[in-house]
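Report on one structure; see the data block that follows.
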Amino acid sequence: MTKIQIGDMLPDFKSVTHEGTEFSLDNLKGSPTVLYFYPKDNTSGCTLEAKSLRDGKEELLRRGYKIVGVSPDSVKSHQGFCQKHDLNFTLLADTDHSLSEAVGVWQLKKMCGREYMGIVRTTFLLDAEARVTHIIAKVDTKDSYGQIIKLLDK
């Protein structure tokens, strides 16, 4: 599986938002994007990460960035996650993990001696043409927003 690199264009894709609307690569074009991949709605680390981005959304917007989260959870799961935590950005239901596979974050994981396929938490910063400008492989779930701002301020 090929992992997308800095300078690569995000591959074309089709998905569905937490609101049930279609979403594709074209929806990402026109402004920079924080595209973050996370394993599962309503788990501790994923909730911390989503809340950090929610709380930092205004500053990211001031810098021109929109936020889009991606996990293999269903539209219904995303709706509950957004409601429960007052999330103010788009979540994509990558239920067939096609987008996660295309960017290389759907990988073999190990936990408690068990092996399974899942999303490796990763954040991609994209320019207005959906070209990857930064990749955060070691996401600080408690301060994901701050981690992004520090990168942008370098």
Go through 142, 150, 138 for me and flag whichever is among the basic types (Lys, Arg), outside any helix (DSSP H, G or I) and over 26 Å from residue 22 (Cβ atoms). 138
Going through the range 20-59 one residue at a time, which ones are in a helix (DSSP H, G or I), within 20 Å of residue 139 (Cβ to Cβ) and out of contact with any Ser or Thr (no Cβ under 6 Å at 6 or more places or on another chain)? 28, 44, 46, 47, 50, 51, 54, 55, 56, 57, 59
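Residues checked against (1) within 15 Å of residue 121 (Cβ to Cβ); (2) modelled with pLDDT of 95 or more; (3) crowded, with 20+ Cβ neighbours inside 10 Å; (4) touching a helix residue (DSSP H, G or I) at 6+ places or on another chain (Cβ under 8 Å):
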position	(1), (2), (3), (4)
21	no, yes, no, no
37	yes, yes, yes, yes
55	no, yes, no, yes
64	no, yes, no, no
When the range 100-113 is checked residue by residue, the ones that are in contact with a strand residue (DSSP E or B) (Cβ under 6 Å, 6 or more places away or on another chain) and outside any strand (DSSP E or B) are 100, 105
Does residue 105 meet the test of being surrounded by 18 or more Cβ atoms within 10 Å (Cβ to Cβ) and over 16 Å from residue 17 (Cβ atoms)? yes
Mind telling me which of the residues 77, 71 ends up being surrounded by 15 or more Cβ atoms within 10 Å (Cβ to Cβ) and either closer than 23 Å to residue 147 by Cα or touching a residue at least 60 places away in the same chain (Cβ under 8 Å) (or both)? 71
Residue check, residue 76 closer than 18 Å to residue 136 by Cβ, modelled with pLDDT of 95 or more and assigned to a helix (DSSP H, G or I): no
Residues of the range 39-53 being within 11 Å of the chain's Cα centre (by Cα), in contact (Cβ under 8 Å) with a residue 40 or more places away in the chain and crowded, with 19+ Cβ neighbours inside 10 Å, which ones? 46, 49, 53
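When the range 1-36 is examined, which residues are found to be among the hydrophobic types (A, V, I, L, M, F, W, C) and touching a Leu at 6+ places or on another chain (Cβ under 8 Å)? First the steps, then the outcome.
Here is the first cut: in the range 1-36, the residues among the hydrophobic types (A, V, I, L, M, F, W, C) are 1, 4, 6, 9-10, 13, 16, 23, 25, 28, 34-35.
Answer for the range 1-36, where residues must be among the hydrophobic types (A, V, I, L, M, F, W, C) and touching a Leu at 6+ places or on another chain (Cβ under 8 Å): 4, 10, 13, 16, 23, 25, 28, 34, 35.
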Which of (1) touching a Lys or Arg at 6+ places or on another chain (Cβ under 6 Å); (2) touching a residue at least 40 places away in the same chain (Cβ under 8 Å) does residue 88 not meet, given it meets every other one? (2)
How about the range 88-99: which of its residues are crowded, with 20+ Cβ neighbours inside 10 Å and assigned to a loop (DSSP other than H, G, I, E, B)? 94
Can you tell me which residues in the range 114-130 are loosely packed, with under 14 Cβ neighbours inside 10 Å, at pLDDT 95 or above and in contact with a strand residue (DSSP E or B) (Cβ under 8 Å, 6 or more places away or on another chain)? 129
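The values are calculated or read from the model by the stated rules, or taken from the named source; none is laboratory data. Keep in mind it's a predicted model, so treat the numbers as computed, not measured. No Cβ is skipped: glycine too gets one built from the backbone with ideal geometry, and neighbour counts run over all protein chains shown.
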